[in-house]
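Read through the structure below, which is laid out as structure tokens, and then see the notes.
The values are calculated or read from the model by the stated rules, or taken from the named source; none is laboratory data. Everything quoted here is computed from the prediction, not taken from an experiment. Glycine also receives a Cβ, built like all others from the backbone with ideal geometry; neighbour counts cover every protein chain displayed. Ligands, DNA and RNA are excluded from the accessible area calculation, which covers all protein heavy atoms including side chains. Shrake-Rupley method; radii C 1.70, N 1.55, O 1.52, S 1.80 Å.
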Amino acid sequence: MPDTTASIAIVTTTVASAADAQRLAAGAVQARLAACVQVQAIASHYVWQGAQQEDAEWRLVCKTLAQAAPALRAWLRSQHPYQVPQLLTRTEQAEADYAKWLAQQVDL
């Protein structure tokens, strides 16, 4: 049976406010660096400057092409409010029709 999947890239980051999440999500799609960005409210636990932290954050899950991921990460870094932003990239397998739609939304 032929494989009906294709690889896409998922870039994630987090921000402290819903306003920053909305700004980054809308900007990445408008710039055609991501086809879709999902925003999720999360709780983060981490150590920053020697102190344990617990904060509400918003996770952005950006779907893009593997070739566009470096440009998306660079854009996110340039727009990000954090001094040290989390920028993670992974490859996922998507259904071919979704991957085709995604490719039509992202400019290289």
Residue ID - modelled with the highest pLDDT, chosen from residues in the stretch 74-108 that are open to solvent by 80 Å² or more (accessible area, probe 1.4 Å), of a type in the set (A, V, I, L, M, F, W, C) and outside any helix (DSSP H, G or I)
88
Just give me the residues in the stretch 37-63 being open to solvent by 60 Å² or more (accessible area, probe 1.4 Å), assigned to a strand (DSSP E or B) and farther than 14 Å from residue 12 by Cα, in sequence order.
43, 45, 46, 47, 48, 52, 54, 56
Looking at 71, 28, which one is touching a strand residue (DSSP E or B) at 6+ places or on another chain (Cβ under 6 Å) and at pLDDT 95 or above?
28
If you go through the stretch 64-73 one residue at a time, how many are open to solvent by less than 40 Å² (accessible area, probe 1.4 Å) and assigned to a helix (DSSP H, G or I)?
3
Scanning the stretch 15-36 residue by residue, those touching a residue at least 40 places away in the same chain (Cβ under 8 Å) and buried (at least 21 other Cβ atoms within 10 Å of the Cβ) turn out to be 15, 24, 28, 33, 34, 35
Considering only the stretch 21-32, I want to know if a residue exists there that is in contact with a Ser or Thr (Cβ under 6 Å, 6 or more places away or on another chain) and either within 22 Å of residue 8 (Cα to Cα) or not in a loop (DSSP other than H, G, I, E, B) (or both).
no
